[in-house]
Amino acid sequence: MSARLDGRVALVTGASRGIGAAIARRLAGHGAQVAVHHRRGAEDARAVLATLEGEGHFLVAGDLGDPESARGVVEATVDHYGRLDVLVNNAGVFVQHPPLSTDWDAWVATWNDTLGANLLGPAHTSYWAARHLGEGGRIVNIGSRGAYRGEPNAPAYGAAKAGLHQLTQSLAVALAPRGISVLGIAPGFVETAMARPHLQGAAGDAVRAQSPFDRVATVDEVAYWVLCACMPDAAFASGAIIDVNGASYLRS
């Protein structure tokens, strides 16, 4: 891709590993200055920071499940750079909690934690980012195919991602008069370091077989579509949810 993001400031949440780290590298590689957010993985986040092309990248910490901390992450980024052009809401959690085999206390805790990280966190960071993004600003939310096909063993995750997709479309309408575009990316299964053990053996074969490509996505493939969504020419795609699942789940 020849287009560049020179002079643009991007905040990528959950960027200390996996998809978020790949997004940070993609954006930096195309000229953006990147604020690398983490919650507790400071060492991993510093390692990501050291791999980014260009100069002027920044480390910012905070628990996005806490509303004031979410505000603080955005404000710290703006204070550091004096501006904000792109917000990528990538941070999230996935916890299995099958409804028939999870005890009540764990059920309630998982719903609270999952909604806080995967839906309320992006809502609150978007609220504060919208007050700093100008014409051509961009919010990109990392959703999931689970929002459409369901997540029977992790229903809070599926519900939160469905809510995130709807938040994406609601904000797309609300922020368009300000010239701000909002897009979503909905990956299927992605090969991350955390997922790699699950992809070994028969369980991994079954996951790969969900796609006619007989594989899962790489983090770089997801990051590519985030980069595309951040480009100036993508502005009129505001409100779109881009499926990156290797045809493992098709929706009309």
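The values are calculated or read from the model by the stated rules, or taken from the named source; none is laboratory data. Keep in mind that this is a model prediction, so the values were computed, not measured. Heads up, the Cβs are rebuilt from the backbone with ideal geometry, glycines too, and the neighbour counts pull from every protein chain shown.
So the values come out like this:
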{"item": "Residues that are polar (S, T, N, Q) and under 16 Å from the mean Cα position of the chain (by Cα), drawn from the range 78-96", "result": "Asn89, Asn90"}
{"item": "First in the range 106-117 and without any contact (Cβ under 8 Å) to a residue 24 or more places away in the chain, second anywhere and surrounded by fewer than 14 Cβ atoms within 10 Å (Cβ to Cβ), Cβ under 8 Å, 6 or more apart", "result": "Trp107/Pro99"}
{"item": "Test: Ala70 is crowded, with 18+ Cβ neighbours inside 10 Å, free of Cβ contacts under 8 Å to residues at least 60 places away in the same chain, under 25 Å from Val173 (Cβ atoms) and touching a Ser or Thr at 6+ places or on another chain (Cβ under 7 Å)", "result": "yes"}
{"item": "Residue in the range 137-155 that is of a type in the set (Asp, Glu) and buried (at least 19 other Cβ atoms within 10 Å of the Cβ) present", "result": "yes"}
{"item": "Matching residues, the range 210-228, being in contact (Cβ under 8 Å) with a residue 60 or more places away in the chain and aromatic (Phe, Trp, Tyr)", "result": "Tyr224"}
{"item": "In the range 195-234, the residues that are modelled with pLDDT of 90 or more and in a loop (DSSP other than H, G, I, E, B)", "result": "Ala209, Gln210, Ser211, Pro212, Phe213, Asp214, Arg215, Val216, Met231"}
{"item": "Pairs where the first residue, in the range 7-33, is under 20 Å from Glu43 (Cα atoms) and surrounded by fewer than 22 Cβ atoms within 10 Å (Cβ to Cβ) and the second is hydrophobic (A, V, I, L, M, F, W, C) and modelled with pLDDT under 95, C-beta under 8 Å, 6+ apart", "result": "Arg17/Ala193; Arg17/Met194; Gly18/Ala193; Gly18/Met194"}
